[in-house]
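First the structure, in the form of structure tokens, and then the observations on it.
The values are calculated or read from the model by the stated rules, or taken from the named source; none is laboratory data. Quick caveat: nothing in here was measured; it's all calculated off a predicted structure. A quick note on method: Cβ atoms are made from the backbone with ideal geometry, for glycine too, and the neighbour counts reach across all protein chains shown. Side chains are part of the model used for accessible areas, which takes the heavy atoms of the whole protein and leaves out ligands, DNA and RNA. Shrake-Rupley method; radii C 1.70, N 1.55, O 1.52, S 1.80 Å.
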Amino acid sequence: MHGPAMSGWLLMAMCALTGAYCLLRTRAGTGEERRTARAEALMGFGMAAMAVPAAVLAPPAWAWAVYAALFGAAALRALWFSRRSGHHLHHLVGSSAMVYMALAMAGPGTAVHGGHGSHTMAAAGGVPLLTGLLLVYYAVYVLRSGARLIPVAATATGGGVVTGGPAPEGWAASPELALACRLTMGISMFAMLLTL
């Protein structure tokens, strides 16, 4: 790595690719799966936009308010849909974390965007206790998601392998890729929170 700009570019690319894959996932699955994929695509693209290095694009001051409003609406949507699925609680935490980071970047003392590697702020960049709690949440989430990607030995019964159901249709419906994308976004969120 060649300094903060390189890490910002890598983070931006990872988040954009993850958002694009999640957008592809909106074409298949049940209504709940498509809703989840849309929320994850929004998160991926939003994180990619926030990770663009300042040397390329320093957003205007009002951009942080737009981020906060957009992810505030996404948090309310996640809260509403959390009645149906517990995974939306994770979306609620993620959207709230994005609101928190946008407000921290818009706060007084913000010198430049660039961050997630090159933000400089007069204060700590946020409330240290809240930042710490979010870091712990995402560390646990990343470790848990990573552990779920570890293959489990298949159980052989009478010459056949029990897989637990029919294979998904196409790579866009692959549960392993969806989990890998969630892992990527969790790692990216952790990295972004570290820079506050």
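Using the Cβ-Cβ distance between V56 and E32 with R0 set to 30 Å, the FRET efficiency works out to roughly 0.20. When the square roots of the Cα gyration tensor eigenvalues are ordered a ≥ b ≥ c, the ratio a/c for the range 39-81 is 1.5 or more and a/b does not exceed b/c, which makes its shape oblate. For the range 1-90, the solvent-accessible area with a 1.4 angstrom probe is 52 square angstrom per residue. State whether the range 1-107 is rounded, prolate or oblate according to the following rule on the C-alpha gyration tensor (a ≥ b ≥ c being the square roots of its eigenvalues): a/c under 1.5 gives rounded; otherwise a/b larger than b/c gives prolate, and the remaining case gives oblate. Taking the square roots of the gyration eigenvalues as a ≥ b ≥ c, the range 1-107 is oblate. Of the peptides 44-53, 15-24, the order by per-residue mean of other Cβ atoms within 10 Å, starting with the highest, comes out as 44-53, 15-24. The alpha carbon centroids of the range 181-196 and the range 16-70 are separated by 13 Å.
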